[in-house]
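Participant: Submitted below is the structure of interest, expressed as structure tokens.
What follows draws every value from the coordinates through simple rules; no lab data is involved. Since the model is a prediction, treat every value here as computed from it, not as a measurement. Note that we place each Cβ from the backbone using ideal geometry, even for glycine, and neighbour counts take in every protein chain shown.
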Amino acid sequence: MSKGPTHTKHGITRRRMLQGVGATGVIAVSGCLGGDTDAPIDVRLEVNSDNDDRVQMVDLIASSLEETGYFDVEIEDYEWNDYTARVMDPEYAENGYVPCIGLSGTFNPESFCNALHHSENHGQCCNLNGIDDPELDGMMDDARYGTDVVEDTDLRRERYDEIWEYLAEERYSSITHFDLVASVMTTDVHGFSTYPFSESLFSYGLYAPQDEQVMWIDESAHPDDTDLSDLEEGGTLRIGAAENPDSFDPPYSTDTTSTMVQEFVFESLVRSDVDGNLYPWLAESYDLLEVNDVDRTDYEEYMITVDLNEDGLPETDEQIIVQHPGDDPADGEVRVLTPEEAADAVDDGVFGMQFRYDIREGIEFTNGEELTAEHVVATAERYENSDLSAQTYDSLLHAREVDEYTVDLYAQIPDAEAERELPGLAIHSLEQADLDGDEEVLDPREDTEPIGTGPYVFDEMSDEQYVEYVRNEDYWVTDHGVDSFEWFDGPADFPDGPVIDRLELEIVPDNSTRSGALQDDEVDITYGLNTEDLDGYDDSEDYVVDAIEAGGYEYIQYPMNVEPWDDDRLRQAVNHLIPRESIVENVLNGWARPAWTDLPELAEENGTTDAAALEDDIRPYNEHDPDAAEALIEEVIEDYDLD
Amino acid sequence: MSLRRFVLKRLLSIVPILFGVSVVTFALVHLTPGDPIDQMVGVNPHVTAADEAQLRARYGLDEPLWQQYLTWMGNVLTGDFGQVYSSGLDVSGIILMRLPETVVLGIFGWVFALAIAIPAGIYAAVNKGEFADTVSRFFALSGISIPNFWLGLMLILIGALIIDLWPVLPPSRQPLYHPEMLWYLVLPGITIGTAAAASIMRVMRTSMAEELNKEYVTAARAKGLPERTVVLKHVLRNSLISVVTLAATLTATLVAGSVVVEVVFNWPGLGRELIEAINAREINLIMAITLFTGVLIVIANMIADVLYAALDPRIRYE
């Protein structure tokens with residue numbers, strides 16, 4: 001899954017979500033399915049066997065289909081790596097199978113439609129059944145790229161509304177539900193806040209690209225009586241972490257725990273709140289200076305031609321920023337834009353967008369360096385050819401120092417996501433910006449402790465046992481004060497800096513053991529517990545469960561290149577037979593949200609003009625409705641002579 | 001053949017066995033679908049097939065298998081087990097750090113098993129058919145049947161959450177060799193040793209009961225030796241032969257059991273490491289741990305053979 005800007009939302013009441021969920025559906029056993037029936041339509045559902053929830057979900061869908069008598073359902077399961085290799089094979093689309101898989105989305109509404117449906121994503125993640133709809137491709141491109149959507153966010157929202165409507169009609173895929181991730185903490189620990197970013201350490205520390213800034217432990221008050229004046233400074237927060245952090249090096253890691261620990265230390269120019277709104281952070285302010293109507297072929301004259309090696313890879317050590325969209329790899333060579341030529345293009349005024357960031361003066365790294373434009377440029381260079389280069393250079397063209405405290409970031413083409421994506425770099429110190437990430441890694445286990453500007457400082461660790469951080473006594477926000485943020489409109493007594501002295505991560509991979517450690521008061525907060533345990537914590541007075549929608553979702557995709565699945569009525573019918581409520585209730589114990597539209601709350605900000613109206617519109621398409629399904633199937637059977 | 005020659009011969013025979021272990025390990029790991037790159041990339045819309053191929057080439061995973069094996073074996077012989085893909089750490093460093101944890105836990109479990117099983121077995125054999133025998137057989141059967149992970153969780157529930165004598169997590173900042181750690185070994189040690197104790201006790205009971213029926217026992221008793229001397233000096237020594245063999249063989253069970261027990265008790269040994277490695281498809285780490293485990297088991301079996309010879313001078317080695 002990609003590490004992308006994901007989000008957190010406090011206060012989703014699970015009870016509310018479950019209203020109206022009846023005790024429908026039973027968990028079917030795969031063995032009962034696929035018998036010798038005379039059902040007119042054969043369906044083969046495919047799933048990876050190691051994800052129990054997903055397997056059960058597919059079982060529920062299968063039994064719902066079989067109950068109608070129209071379908072003869074077969075379920076095949078595969079080991080995960082076999083499965084991904086299988087479904088991402090371009091030939092897979094010819095089989096006529098219905099695969100089920102999960103993805104992780106972000107604030108970007110595109111992540112809930114593009115990955116699944118754009119023809120460019122066929123043969124990779126995750127247009128598995130080769131959907132190739134030029135009209136839809138164009139709609140999705142026009143909702144993100146182009147001067148019009150860059151300048152007019154409402155237009156962008158309208159375009160996404162059209163996409164959701166279009167998808168509801170065409171129904172190439174069915175998103176079943178949006179995952180909730182839950183952290184559980186004792187009542188001693190609550191009210192973590194990073195105003196206005198998040199109301200929970202974990203919702204931010206874990207699931208968002210930028211993290212908590214201020215937090216505290218209130219040892220006495222119940223969470224319902226949180227009052228800033230009760231705030232007690234100091235203390236140690238013990239976090240039960242599910243995994244060892246693989247890496248302390250931001251451009252060289254993608255796993256959750258690594259992201260969490262990096263965010264204690266590293267910060268970015270801009271941060272985003274729970275709704276995806278952006279706030280200047282290390283930058284005091286930023287502006288979009290210029291937008292040019294260019295597309296990627298406009299870089300043609302700056303591109304160099306490189307040969308492809310036997311694996312089909314361009315033979316260059318440079319970061320490839322843009323590959324010419326018109327080139328056919330079969331020719332053995334492609335034209336590419338590398339960093340040096342990108343700088344030339346910017347010199348000549350060829351670029352999509354120019355953002356200017358005014359960096360705050362007086363921000364110090366923990367090694368004493370003062371943050372300047374040079375740090376931003378060096379950081380962008382360090383992301384070249386890193387594990388995150390694909391994400392970073394999806395939109396970034398070039399970073400340029402204007403003066404000591406001013407830096408420009410250029411986007412390749414007019415891109416409505418550039419404002420969020422470009423400044424996502426975790427800013428490095430110059431001391432560490434030239435570590436190559438291969439031989440020289442930024443890792444305390446190799447005696448290189450991470451240096452950042454963030455609220456905490458790495459203290460010590462024992463691999464796979466614990467990691468400890470201490471408060472950054474010279475944290476810049478403490479010095480500047482939260483009032484120094486122009487946008488700050490929070491409580492007057494809001495603390496200026498982190499108030500917890502130490503963070504201790506205990507690494508406990510086993511879910512039950514971690515749950516036991518929480519009950520025995522050996523950790524204060526943990527996450528990733530089994531859903532059946534969550535109900536117990538939720539009912540208890542002594543614990544607080546904080547469930548957030550973090551962008552994860554599950555979907556099945558129809559083989560629309562194979563008859564009779566090319567008929568949208570059949571796809572709509574099957575979609576009506578997906579028991580979304582039953583899946584959420586029976587498989588996930590209520591710890592998820594049925595996907596009544598393809599757009600989760602996470603991405604609503606830019607993904608629709610009116611979320612409630614959108615749901616009213618689209619939900620009827622996605623309701624469990626066997627009668628509507630039957631009517632549609634009868635028509636299909638007749639037209640295709642399927643008896 | 002003298003005992004010394006026998007030991008030397010057994011030592012030499014380890015070489016082809018270990019070679020076999022290395023081939024099987026390598027083959028199993030590489031025949032299993034998926035490699036670390038699959039795991040690292042996962043399902044990521046930003047990563048193209050070309051990016052993946054590039055990563056594979058970087059780690060030499062695109063070479064033919066036999067070549068990968070030779071490279072790996074060559075490195076292993078010089079003590080280089082390669083790196084962990086995700087973190088870039090040296091595998092040998094990880095093994096050296098984790099191995100003592102598992103060995104200490106294993107020894108504790110083993111000592112616990114023997115300390116329970118041998119007296120219990122003797123007692124049951126001497127009182128064969130009586131109530132005490134029935135009770136001990138009941139516990140032996142339970143001990144064999146109870147799955148490790150369940151027993152571990154129950155011990156945590158009782159020992160840590162109900163009577164609160166132990167913490168759920170062993171103290172991660174205490175060095176392993178601190179005497180205090182003995183206390184924290186109790187629950188995982190019991191968990192890992194229970195099944196072994198049950199098997200050993202059953203064998204002890206059976207072989208002891210068998211020995212007790214032999215003529216020399218009647219003779220010893222007829223000579224007027226006290227029953228205690230008969231049982232503990234003559235019978236015990238003879239019945240121990242099969243127990244020693246079993247106990248050594250059970251080393252394998254202890255090592256295998258440590259995988260589950262270390263996860264449940266959050267004990268930072270090789271077993272927990274192996275599970276993490278398998279989940280992440282860290283093939284270098286999986287191969288190194290498997291190879292080490294293989295070596296441990298081979299050595300344990302060798303010790304069993306030697307002890308067997310020492311305990312029973314009638315045994316001749318050809």
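Participant: Using a Gaussian network model of chain B whose springs link C-alpha atoms within less than 10 Å, name the residue from B:Gly82, B:Gly74, B:Gly271 with the highest mean-square fluctuation.
Facilitator: B:Gly74
Participant: Still on this structure, I have one more. Amide H of A:Val294 versus every other amide H placed in the peptide plane: which residues, excluding those fewer than 5 positions away on the same chain, fall under 5 Å?
Facilitator: When sequence neighbours closer than 5 places are left aside, there are no close amide H contacts.
Participant: By its C-alpha gyration tensor, with a ≥ b ≥ c as the square roots of the eigenvalues, how is chain A shaped: rounded for a/c under 1.5, else prolate for a/b larger than b/c, else oblate?
Facilitator: Taking the square roots of the gyration eigenvalues as a ≥ b ≥ c, chain A is oblate.
Participant: I would also like to ask the following. Does the range B:91-311 come out rounded, prolate or oblate by the C-alpha gyration tensor, with a ≥ b ≥ c the root eigenvalues, rounded set by a/c under 1.5 and, if not, prolate when a/b is larger than b/c and oblate if not?
Facilitator: Prolate.
Participant: Mind listing the long-range amide H neighbours of A:Asp42? Cut-off is under 5 Å, sequence gap 5 or more, other chains count too, H placed in the peptide plane at 1.01 Å from N.
Facilitator: A:Asp72
Participant: Sticking with this one: Can you pull out the GluC sites (Glu not before Pro) in the range A:383-460 that DSSP calls coil and that have at most 16 other Cβ atoms within 10 Å?
Facilitator: A:Glu404, A:Glu439, A:Glu440
Participant: Still on this structure, I have one more. Using mean Cβ contacts within 10 Å as the protection proxy, how do B:238-246, B:297-305 order, highest first?
Facilitator: Highest mean packing first, the order is B:238-246, B:297-305.
Participant: Let me ask something additional. Would you mind calculating the relative contact order of the range A:283-430 from Cα pairs under 8 angstrom and at least 6 residues apart, reporting the percent as a whole number?
Facilitator: 27
Participant: If I fit a long axis through the Cα atoms of helix B:283-311 and take the longest principal axis of the Cα atoms of chain B, what angle between them do I get, 0 to 90°, rounded to 10?
Facilitator: 20
Participant: Ok, one more. Counting alpha carbon pairs within less than 8 Å and at least 6 residues apart, what relative contact order, in whole percent, applies to the range B:91-311?
Facilitator: 31
Participant: Let me ask something additional. With both bridge residues required to lie in chain A, what share of the DSSP beta bridges run antiparallel, to the nearest 5%?
Facilitator: Bridges in chain A are about 80 percent antiparallel.
Participant: Further, regarding this structure: Points 7 angstrom from Cα along the Cβ direction at A:Asp616 and B:Asn279: gap in nanometres?
Facilitator: 4.6
Participant: Collect residues whose amide H, placed 1.01 Å from N in the peptide plane, falls under 5 Å from the amide H of A:Ile321; neighbours closer than 5 in sequence don't count.
Facilitator: A:Leu337, A:Thr338
Participant: Once the Cα atoms of helix B:49-58 and of chain B are each reduced to a long axis, what angle between those two axes, in degrees from 0 to 90 to the nearest 10, is obtained?
Facilitator: Tilt of helix B:49-58: around 60 degrees.
Participant: Suppose the chain between A:Asp328 and A:Glu91 were pulled fully straight at 0.36 nm per residue; how much longer would it get relative to their current alpha carbon spacing?
Facilitator: 83.4 nm
Participant: Mind listing the phi-derived Karplus ³J(HN,Hα) values for the range A:529-541, rounded to whole Hz, using 6.51, -1.76 and 1.60 with θ = phi - 60°, and x for any glycine or proline?
Facilitator: 7, 5, 4, 5, 6, 4, 4, x, 5, 5, 7, 7, 6
Participant: Now for a different question. In sequence order, what are the phi-derived ³J(HN,Hα) couplings for the range B:109-126 according to the Karplus relation 6.51 cos²θ - 1.76 cosθ + 1.60 with θ = phi - 60°, rounded to whole Hz, with x for glycine and proline?
Facilitator: Result, ordered by residue: x, 5, 4, 4, 4, 5, 5, 7, 6, 5, x, 5, x, 4, 4, 5, 5, 5 Hz.
Participant: Count, for each residue of B:54-65, the Cβ atoms from other chains sitting within 10 Å of its Cβ, then give me the mean as a whole number.
Facilitator: Per residue, the average neighbour count from other chains is 1.
Participant: Give me the inter-chain shielding for B:86-94: mean count of other chain Cβ atoms within 10 Å, whole number please.
Facilitator: Per residue, the average neighbour count from other chains is 5.
Participant: Other chains near A:522-528: what is the mean number of their Cβ atoms within 10 Å of each residue's Cβ?
Facilitator: 1
Participant: At a 10 angstrom cut-off on C-beta neighbours, averaged per residue, how do the peptides A:466-477, A:558-569, B:186-197 rank from highest to lowest?
Facilitator: In decreasing order of mean packing, A:466-477, A:558-569, B:186-197 become B:186-197, A:466-477, A:558-569.
Participant: In addition: Classify the range B:128-228: rounded, prolate or oblate, from the alpha-carbon gyration tensor (a ≥ b ≥ c, eigenvalue square roots; a/c under 1.5 rounded; otherwise prolate if a/b is larger than b/c)?
Facilitator: Verdict is prolate for the range B:128-228.
Participant: For the range A:60-192, what's the relative contact order in percent, using C-alpha pairs closer than 8 Å and at least 6 residues apart?
Facilitator: 15
Participant: For chain A, what does the helix formula give at 222 nm: sum of -39500 (n - 2.57) over DSSP H segments with n ≥ 4, over the residue count, nearest 500 deg cm²/dmol?
Facilitator: It lands at -7500 deg cm²/dmol.
Participant: Now for a different question. Listed highest first by mean packing, meaning other Cβ atoms within 10 Å per residue, what order do B:249-256, B:286-293 come in?
Facilitator: Those peptides, ordered most packed to least, come out B:286-293, B:249-256.
Participant: With θ set to phi - 60° and the Karplus curve 6.51 cos²θ - 1.76 cosθ + 1.60, what are the ³J(HN,Hα) couplings of the range A:445-461 in order, to the nearest whole Hz, using x for Gly and Pro?
Facilitator: Result, ordered by residue: 6, 10, 6, 10, 7, x, 10, x, 10, x, x, 10, 10, 4, 10, 7, 7 Hz.
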